[in-house]
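Below: one structure, written as structure tokens.
The values are calculated or read from the model by the stated rules, or taken from the named source; none is laboratory data. Everything numeric in this text was worked out from a predicted model, so none of it was measured. A quick note on method: Cβ atoms are made from the backbone with ideal geometry, for glycine too, and the neighbour counts reach across all protein chains shown.
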Amino acid sequence: MKRSQRFSLAFVLLAAIAFLNCNESLWAQTQTWQQIPVPKLPAFHPKQPKRIELPNGMVIFLQEDHELPTIDGTARIRGGARSVPANKSGLTDIYGEVWRTGGTKTQTGDQLDDYLEQRAAKVETGGGGDSTTASWSCLKEDFDDVFRVFLDVLKNPEFRADKIDIAQKGMYDGISRRNDDPGQIAGREAAKLVYGANNPYARVDEYATVAAVTRQDLIDWHGRYVHPNNIILGVVGDFDSAKMEARLRETFGSWPKGPAAKDPDIKPEPAKPGYYQVEKTDVNQSNIQMVSVGITRKNPDYFALSVFNEAFGGGFSSRLFGDIRTTKGLAYGVGGGVGSGWDHPGMLRIMMSTKSQSTIESIQALDEEIADLAKRPIDDKEIKLAKDSILNSFVFRFDSPAKVLQEKMAYEFYGYPSDFLENFQREIEKVTKEDVARVAAKYVHRDQMAVLVVGNVAEFDKPVSTLGPVNKLDITIPAPPKGLLPEQGDHP
Amino acid sequence: MKSRIFSLQIVTACLVVSSLALAQDLGSFEKRTTVKKLANGLTIVICERPQAPVFSFFTHVDAGSVQDPMGKTGLAHMFEHMAFKGTDTIGTRDYAGEKVALAKIEDAYAAYIAERDKPVDRDEAKLKQLELNWKDAIAAADKFSAPYSNEFGKIVEGEGGEGMNAFTDLDETGYHYSFPINRLELWAYLESERFLHPVMRQFYKERNVVIEERRMRTDSNPVGRLLEQFTEEAFAAHPYHRPTIGWISDLNSFSATDAQTFFDKYYVPSNMVVTVVGDFKASEAMPVIEKYFARIPARPKPDTATTNEPPQNAERTVVLREQSQPLYLEGYHRPDYRSPDDQVYDAIADLMSSGRTSRLYRALVRDKQIAADSAGFTGLPGSKYPHLFAFYAFPIPGHKPQEMADAIHAEIDRLKKEDISDDELKMIKTRAKANLIRSLGSNEGLAFALGLNQARYDDWRELFRSVERIDKVSKADIRRVANKTFTPDNRTVGIIEFAGGPPPGNGAAPQGGGQ
């Protein structure tokens, strides 16, 4: 009797729970996502780094972040690969590696490796298109030790010959492998079509240009560019700004100015519009890129183009993704837009990859998307979605002190106002449907694009020549100078 | 939307860590982290990190391509793609009608496949008609979803979602993105709806997208081709021999019904851990999250028994003769992640591979100057089940894979015969501690690390505790494990040999490089 009562009580409870659950799901069925309340995002004023300009012209940003017990810093130095003569292409990559691996006047690179790794710390250097960098990263408790190494590397590099040799061999390896991956081929050849094969923004390193780089070139490069007035140093982490400032002033204040780095004036030399083809017989998918010259971010159309890019070819919500991938099932990767550079024109690029047998069909599908921009302009709904997407995710541009620091360093480097980001938000809000239609008409011209196809030509649905005359690109890697590399099988 | 297939160039994130002086950090996380197991079996982990008004989440589903049914490889990954296709209220204009239309596609597809796969007496005319019927059914169903395709992704992006993506590997499936904090409730609704009312719409078009993904990652990429052949060779019995992306004939066969069946079986709440990290108070966030995720009905936990890989007792080798430059890879069977030696393997990987002090860099790149890069790592092709500890090297021009093998084996012999130095052991332990600290500084990274540890060990604290275990690793442990593991009979070798450029005269560009 008692037992059965307990049972029935339990039964009633269970039934009640079941009923509640049932109610809950009934209620849920009728709910839609639009009914979920979205409160106003709390005001957020990310901490701004402190900017210090030393009398010798060195600019320092200090950004405190006490979440983790680490201190990281990066010095960005003006002058990069675009200032290197063509016959030494690869110089800044070798410099960027050997600056660190080649050690300093008093320590070899290997000794530095041992010293730093005992502290799980890094001091690294690197070469880029418009600048080189020297950086450190360490636990707070090791800052004195690691910063000393950083300074030694910054000021007293030795560029030991054995490490130049290793760096060059690594680059020969990269050259030998550059035709192995079709995506890599497409990216490289597309840049050449936009800027010109010998343009510093597109040219590739060759065995001969890498082999031509000497130790004296690295020493000369360092002497020419590494001066305080060419350096922006950013430090982020668990430190006290006042103390750090005093220390950095003391460290760098007496460093004399040097000649200012000059940026070369480089103009894109785009290839003739038309079809370009690279044959690769060991693939079953074609890489397609339609390209022409883009804009710089200083262009007032940058904001309208940002909205256009989002609506046309950026992410899940875009036309290209919806039409080419979701509706037609032609591609895994598809996207594109009018690219922008900080201080030189970026690339307009519309790209996708598709099975060999739908290559021509896909080019025609992309053609249709471009033609549609005039016939079926980006509409109010698409504009709203694109702007919402940019504005609602805006907080992710500055949701960590390190990101804020990086933004500010970039503005400083390229001479943008320090409120560029805040201004960007205001300008995006102002963009209208008419603005987007105007910039689409102004910048996206199918008849000015070079269309590159990398793929297994014999398996295409139709020859590319059915669309127009085809320029076949020869991507043969020029042979190395005699004696530069061991013959295969000739190793010890 | 990517299948997380190992790429040799990517150094895998090291989850293994050490924590000498980290007691206060674990203490801090104890205060900030809350775990709740709901009545339906779903686990929620939330961690307060009030740095900026945003949050990130990671949904871990304890089912990966190891759970793909026979003849349906790629299905776990395929479902992951379908989880972006909306629900019965998102992505449709009339679900009642769409539901009927989707069912008709399945009937038409089943009829088509039955005829297509007839071993004898296939009727080609009938097959053609059945294929047409199937495609017509697809077109009819599409009318219910157009123009709302990608509605789920559009909502997330329009509301400010950042980094929306997902991955599938052999062990598990994961979904993740970040939102501004004012969308926490909206997220809880969307993410729970996605697993409460998924709809297999536009399945066969998405299947084509996945086949393109296979062409990109595997078929048209020499390293992808090598990895597929290599893992297939290394595992004779265990499903680790499968490619996550799926074999092409399976991709061309499985159905939306199969994907729904997979979902019903494996996407049960007790198989899921949802981790959220960001700018909220746990006391306010938990009820909101619970309210939505509690709606998912409890279902039985699936049977996950798999065949055990028998001991390997003969060396195996695959050689790919390619138009591309050479590569050497070898792997040795080791126990799963719960092995008491797990941290010993991590210590070996660190010693052999981390930075310019690592043994392989110093031997192959710096001293012998035969490789551009060389490393050893664990977790190939997964880690939930017994897997491989692997080594690789990229020979520089003029050097052959066999030289890589010889040089790697010389370093393995050193591990077996000599104790590592005090400095090396200290380096490993210090680096583990620093790596842990650095992994704690982002919402995305934390959500992933806490979620994975909660799923794997039923306790997120393992993120910190594994540190204590690495701190206990001794020189003798390293010798013992190296001797036990790195034996020739336990080895599988994968090689890409350069076999010359494409045949001349077809207009293709030959490969250069002094070969």
- What is the one condition in (1) away from every other protein chain (no Cβ under 13 Å); (2) closer than 23 Å to B:Val273 by Cβ that B:Glu330 does not satisfy? (2)
- Subset of region B:121-145, residues under 30 Å from B:Ser178 (Cβ atoms) and over 32 Å from the mean Cα position of the chain (by Cα), comes to none
- Any idea which of (1) closer than 24 Å to B:Leu227 by Cβ; (2) in a helix (DSSP H, G or I) is the one B:Arg356 doesn't satisfy? (1)
- Query: Being charged (D, E, K, R), out of contact with any Leu (no Cβ under 6 Å at 6 or more places or on another chain) and more than 14 Å from chain B (Cβ to nearest Cβ), is that true of even one residue in region A:106-128?
  - Reply: no
- Message: Residues to consider are B:Phe391, B:Phe377; find the one that is at pLDDT 95 or above, within 22 Å of the chain's Cα centre (by Cα), away from chain A (no Cβ under 11 Å) and farther than 30 Å from B:Asp25 by Cβ.
- Response: B:Phe391
- Residues satisfying the stated conditions in region A:258-292, i.e. charged (D, E, K, R) and touching a strand residue (DSSP E or B) at 6+ places or on another chain (Cβ under 8 Å): A:Asp263, A:Lys272, A:Glu279, A:Lys280, A:Asp282
- region B:43-61, residues that are over 11 Å from B:Gly451 (Cβ atoms) and either over 24 Å from the mean Cα position of the chain (by Cα) or surrounded by fewer than 24 Cβ atoms within 10 Å (Cβ to Cβ) (or both): B:Glu48, B:Arg49, B:Pro50, B:Gln51, B:Ala52, B:Pro53, B:Val54
- Item | Considering residues of region A:134-164 that are within 30 Å of the chain's Cα centre (by Cα) and surrounded by fewer than 17 Cβ atoms within 10 Å (Cβ to Cβ) only, the residue nearest to A:Thr104 (Cα to Cα) | A:Lys155
- What is the residue count in region A:95-105 for residues that are away from chain B (no Cβ under 14 Å) and either modelled with pLDDT under 95 or not in a helix (DSSP H, G or I) (or both)? 2
- Inside region B:371-398, can you point out the residues that are touching a residue at least 40 places away in the same chain (Cβ under 8 Å) and in a loop (DSSP other than H, G, I, E, B)? B:Pro381, B:Gly382, B:Ser383, B:Lys384, B:Tyr385, B:Pro386, B:Pro397, B:Gly398
- Pick out the one residue from B:Phe254, B:Phe263, B:Phe235 that is surrounded by 18 or more Cβ atoms within 10 Å (Cβ to Cβ) and touching a Leu at 6+ places or on another chain (Cβ under 7 Å). B:Phe254
- Item | Criterion violated by B:Ile470 - all others in (1) out of contact with any strand residue (DSSP E or B) (no Cβ under 8 Å at 6 or more places or on another chain); (2) in a loop (DSSP other than H, G, I, E, B); (3) surrounded by 23 or more Cβ atoms within 10 Å (Cβ to Cβ) satisfied | (2)
- Query: Within region A:87-94, is there a residue that is buried (at least 16 other Cβ atoms within 10 Å of the Cβ), closer than 16 Å to A:Val149 by Cα and either within 14 Å of another protein chain (Cβ to nearest Cβ) or free of Cβ contacts under 8 Å to residues at least 24 places away in the same chain (or both)?
  - Reply: no
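Residue by residue, here is whether (1) within 14 Å of another protein chain (Cβ to nearest Cβ); (2) farther than 30 Å from A:Asn230 by Cα; (3) hydrophobic (A, V, I, L, M, F, W, C) holds:
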{"position": "A:Asp419", "(1), (2), (3)": "no, no, no"}
{"position": "A:Phe424", "(1), (2), (3)": "no, no, yes"}
{"position": "A:Asp435", "(1), (2), (3)": "no, yes, no"}
{"position": "A:Lys442", "(1), (2), (3)": "no, yes, no"}
{"position": "A:Asp447", "(1), (2), (3)": "no, yes, no"}
{"position": "A:Leu467", "(1), (2), (3)": "no, yes, yes"}
{"position": "A:Val470", "(1), (2), (3)": "yes, yes, yes"}
{"position": "A:Pro486", "(1), (2), (3)": "yes, yes, no"}
- Query: When you scan region B:407-436, how many residues do you find that are of a type in the set (Val, Ile, Thr) and touching a strand residue (DSSP E or B) at 6+ places or on another chain (Cβ under 7 Å)?
  - Reply: 1
- Looking at (1) in contact (Cβ under 8 Å) with a residue 40 or more places away in the chain; (2) more than 28 Å from B:Gly163 (Cβ to Cβ); (3) within 14 Å of chain B (Cβ to nearest Cβ); (4) surrounded by fewer than 20 Cβ atoms within 10 Å (Cβ to Cβ), which is the one condition that is false for A:Val453? (4)
- Query: If we scan region B:434-448, do we find a residue that is without any contact (Cβ under 8 Å) to a residue 12 or more places away in the chain, of a type in the set (A, V, I, L, M) and more than 24 Å from B:Leu170 (Cβ to Cβ)?
  - Reply: yes
- Residues (over 24 Å from the mean Cα position of the chain (by Cα), touching a residue at least 24 places away in the same chain (Cβ under 8 Å) and crowded, with 16+ Cβ neighbours inside 10 Å) located in region A:35-49: A:Leu41
- With respect to A:Val404, determine if the residue is at the interface with chain B (Cβ under 9 Å from one of its Cβ atoms), of a type in the set (A, V, I, L, M, F, W, C), surrounded by 18 or more Cβ atoms within 10 Å (Cβ to Cβ) and under 30 Å from B:Phe179 (Cβ atoms). no
- Selected residue [in contact with a strand residue (DSSP E or B) (Cβ under 7 Å, 6 or more places away or on another chain), at pLDDT 95 or above and over 27 Å from B:Gly163 (Cα atoms)] from A:Ser356, A:Ser393: A:Ser356
- Task: Determine whether A:Leu330 is assigned to a loop (DSSP other than H, G, I, E, B), hydrophobic (A, V, I, L, M, F, W, C) and closer than 18 Å to A:Gln285 by Cβ.
- Result: yes
